Each structure stands twice: as C-alpha cells, then as structure tokens.
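Since the structure comes first, as structure tokens, the remarks are kept for the end.
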Amino acid sequence: MRSPQGQKASATPAIDSERFLGLIANIPVLQNVPKNLLQQLAPDMLRLYADGEIILQEGEPADRLIVILKGTVEIVRGGVFLVSRTANEIIGEQGVVDDVAYSATAAAVGKVEALAIPAPLAKKFLMNYRFTLNLIKILSAKLREATGDEAVRLAQEEKMFAAFRSHVHPRVLDDLLAKGIEDYGAPRYLDCAILFADIRSYTSLSLEATPEQIVNELSRYLDGMIEIIHAHDGMIDKFIGDNVMAVWGFSQLTHAGAVADLSHRHLPLQDNPYPLDGKFHLTASPDALHNSAPRTMPEKNFVLRALDCAIAMWKAAQNYSFRGRPIQIGIGLNYGTVFCGNVGNDRKRQFTVLGHPVNLASRFETLTKELNAPIIIGENFYDHLPLSRRRQFQEFRNVKVRGLDAVTCYGYLG
C-alpha cells in the first residue's frame, strides 16, 4: 500500500466542450444519459492526480463523485487495503447517494485522470432513470466482486480455524469464541495443574531417522496424546519437539472473582532462572504470585484429572513405537499459581502460562529417569490429592533440582 501524499489535484489542460463530450461519451455510467444532462458536465471538472495523491479522504464530507478515466486508484479503509479501481469505474458513490462522509480513502497509483462531478450535480443525475440504472449495474458488479472475495476469505479462515481447533480443548475454544481474543487472553493469575511429557531417548533415536520418518512416527504418538489430554479436559499449551505441555484449571476463567487481573497489580519482577527454552524470561517472584492471587477452594477435581491423564498417557505411549522400539515417556506434574494470558506481540502471540510452578513441572519431568519413576509430582500437587491417591506415590526428599534448592517430590509406583 502506498503512502498518501495529500497534495491537491491539478486541472487538466483546457479542452473545448465538443472534445470533452467525446472524452466522456464512452463512460459506462453516462451511457444513454440525455444530452441536456451531459451538457451540464464541464471540462473544468477534469482532474489530474500524481502518484500517491489523495483523491478522496476517509471521514471527509462526500462533496463529489469520481469517475476514473485513466490510471489505477487504491481504496484503503482504516489503513487496510481493500481493492483497486481502474478506468471507467466510479468511486465515492455511496457517500454521495447516502449523503454521508466517505467511508474509505482513495489514492492514486501512478498518474490518474478523473472526472470529479460535484455532489449537487451528481444528485441531479440520479433523478434520471438511465443514469440510475447504469449506477445500479455498476454497484451490482461491485457487490458480486465483494461477495466472491468474502467467500474466498471465509474459506481460508475456516482452514486456519480447523488447524487451530486441533490444538485446544473444545471448551477452551467455546470460551474463546464467546469472549473474544482480547478478553480471553487478558493477563491474569490462575491456580492450575501443569504437565510435561517427554519421550525417553528421543534425541539419540531421531539421529537414526529421516525427517519423513520422524514426522510420521512422532505424529501418530502426538495424535494419541492429544486425544487423551482432551478426554481429560486438559488444554495443550505447546509442543517442544517431542515434549508435550498441558494445563488444567481454565474452568476458573468463567468464575467471577476466581482470577486476578494484572492491569491493576504492580508486582516485583525477577529474572527467571529456570527457562524452558534456553532463553531468558521475566516472571513475577513466587512470593508475589502467591500473595497476589485471590484464594479459592482447592481445585482437587482438575488435579485428579491431570493425574489420571498422566497415567493414561504413560500406559498408552507403550502402544506406539519410534524407530521400531516401544515409546517410553517420563511425565512431570506440578500445581501452583501462574501467570496466564497472551504473550508476545502482533507478529507472534501465544496464549500460555508462565511462572515458577511451570518451570518446576518441567524439572520434575527430567527427574523421572534419575529417580526411575514414570511420573514425578511436586509437593504442592501431592498435597491436593486425596489420601487414597497419595498411597500410589513414593516420597523422595532432598532431591537436587538444577537452579533450585533441594525439593521434596513423589514418584508414581505404577
């Protein structure tokens, strides 16, 4: 899209009336219009526009109807390119007919020659049925073009929406559609359960495979994990290679007062020493996260769903293979108060959770091999389990975790 220059159009070199009438005789909107009306058009209505020059300005009074004689005109609304118009097409007709301001800006692309009919005279022409019929045909063609473009756009959006639908739980998608992206992705604090699952020896095994083999075999496994997570009401946050991250607790988003709005909070930030991707992040300090979030009743239901999901994933993974070997996975689970919202900018934005509990869940996943347990859970997660489920775990005390003091965690006995 070109940058409008905003300079004033210049009049064309003077021509006599006879030559002028010959110039406009073949314009579609003027076909079969009575000569006495055509004679009210004058050579001084001809305009020349330089490249990038504004012809019509969005929001300004519709004081003229423009007939393009030569060249190309860009139509832009709110800074967004809509369409191009060329010779024998008209612009500005809606504003003149409805007696409202122009709804879009028109700018010249290269040199443009046009006929600028003053609005009072254009309305006089509208009283003639031949001119009006010509205008209706032109408007019908524009509507047909717009309908075709809209059909293509909707088809493309549906493809994109289908791809997005495969990544989120149906309930999350329903909430997103109901609330809109700005409201749903608004920053807040949330008590939730976090899961990380990773294939054992994936890196070494993948060195033996072609890219096509990795994609095919990994996709089958991930498809199965997606179905299990969705069946247990989890939301898939992201894939990090073969690592799957899922979250439970988003049902709180629909509970009034259950989450904190960050727009009214000023919390101390600290450098995050536990990055998942090797990059440096900023998060609120754990104490600030804990103290700032409104306290609600413990969400034991989604903690249990996260645990049941982890067990189901661990059992199901053995039914899949990678490079001819049954897949073995390790799973880390944690519970805590995290930041939740859209992170990024207009070029790349992701709805995710961040914070100390998230980083710790990732660390627990890496401990599964060291502690020889398929599932490792954090102490906070363990405390939210009923006694009957706690018996399924073995306690590990003073476990060293990279970047942290020693922690207590629990391994699933299977």
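The values are calculated or read from the model by the stated rules, or taken from the named source; none is laboratory data. These numbers were taken from a predicted model, which means no experiment stands behind them. Cβ coordinates were reconstructed from backbone atoms using ideal geometry, including for glycine residues, and neighbour counts include every protein chain displayed.
Hey, does the range 60-73 have a residue that's over 24 Å from Gly148 (Cβ atoms), aliphatic (A, V, I, L, M) and surrounded by fewer than 17 Cβ atoms within 10 Å (Cβ to Cβ)?
Checked against the condition, which is being over 24 Å from Gly148 (Cβ atoms), aliphatic (A, V, I, L, M) and surrounded by fewer than 17 Cβ atoms within 10 Å (Cβ to Cβ), the range 60-73 yields no hits at all.
Can you tell me which of (1) in contact (Cβ under 8 Å) with a residue 24 or more places away in the chain; (2) touching a Lys or Arg at 6+ places or on another chain (Cβ under 8 Å) is the one Ala87 doesn't meet?
(1)
Table: residues versus (1) under 22 Å from Leu30 (Cβ atoms); (2) outside the structural domain of Pro34 (by TED's automatic domain parsing); (3) among the charged types (D, E, K, R).
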position: Ala62; (1), (2), (3): yes, no, no
position: Thr72; (1), (2), (3): yes, no, no
position: Leu82; (1), (2), (3): no, no, no
position: Ala106; (1), (2), (3): yes, no, no
position: Ala116; (1), (2), (3): yes, no, no
position: Pro120; (1), (2), (3): yes, no, no
position: Phe131; (1), (2), (3): yes, no, no
position: Lys137; (1), (2), (3): yes, no, yes
position: Ser140; (1), (2), (3): yes, no, no
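Output the number of residues of the range 354-373 satisfying the condition of being under 30 Å from the mean Cα position of the chain (by Cα), of a type in the set (A, V, I, L, M, F, W, C) and either buried (at least 21 other Cβ atoms within 10 Å of the Cβ) or not assigned by TED's automatic domain parsing to the domain that holds Gly249 (or both).
3
Taking the condition of being among the aliphatic types (A, V, I, L, M) and under 13 Å from Ser321 (Cβ atoms), how many residues in the range 215-241 meet it?
Step one: list which residues in the range 215-241 are among the aliphatic types (A, V, I, L, M), which gives 215, 218, 222, 225-226, 228-229, 231, 235-236, 240.
Of the ones still in play, those that are also under 13 Å from Ser321 (Cβ atoms) are 218.
Looking only at that region, the number is 1.
Can you name every one of the strands (runs of 3 or more DSSP E) wholly within the range 188-251 that holds 1 or more residues which are over 27 Å from the mean Cα position of the chain (by Cα) and touching a residue at least 12 places away in the same chain (Cβ under 8 Å)? Before the answer, list the steps.
Values: elements: 188-199, 235-240, 243-248.
Fully inside the range 188-251 and qualifying: 188-199.
Taking the residues in the range 302-325 that are outside any loop (DSSP other than H, G, I, E, B) and modelled with pLDDT under 85 as candidates, determine which candidate is farthest from Cys192 (Cα to Cα). I'd like the intermediate steps shown before the answer.
Initially, the range 302-325 is screened for residues outside any loop (DSSP other than H, G, I, E, B), giving 302-317, 321-322, 325.
In the following step, the residues that additionally are modelled with pLDDT under 85 were identified as 321-322, 325.
Details: Ser321: 31, Phe322: 32, Arg325: 34 Å.
Going through the qualifying residues, I end up with Arg325.
Pairs needed: first member in the range 36-57, in contact (Cβ under 8 Å) with a residue 24 or more places away in the chain; second member anywhere, among the basic types (Lys, Arg); C-beta distance under 6 Å; at least 6 residues apart or different chains.
Gly52/Arg2
All but one of (1) at pLDDT below 95; (2) buried (at least 17 other Cβ atoms within 10 Å of the Cβ) hold for Phe81, so report the exception by its number.
Of (1) at pLDDT below 95; (2) buried (at least 17 other Cβ atoms within 10 Å of the Cβ), only one is false for Phe81: (2).
Every residue in the range 239-262 that is over 17 Å from Arg305 (Cβ atoms), at pLDDT 80 or above and surrounded by 15 or more Cβ atoms within 10 Å (Cβ to Cβ), please.
Asp242, Asn243
Conditions (1) part of a loop (DSSP other than H, G, I, E, B); (2) closer than 15 Å to Thr72 by Cα, marked per residue:
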site	(1), (2)
Ser103	yes, no
Val112	no, yes
Ile117	no, no
Ala122	no, no
Phe125	no, no
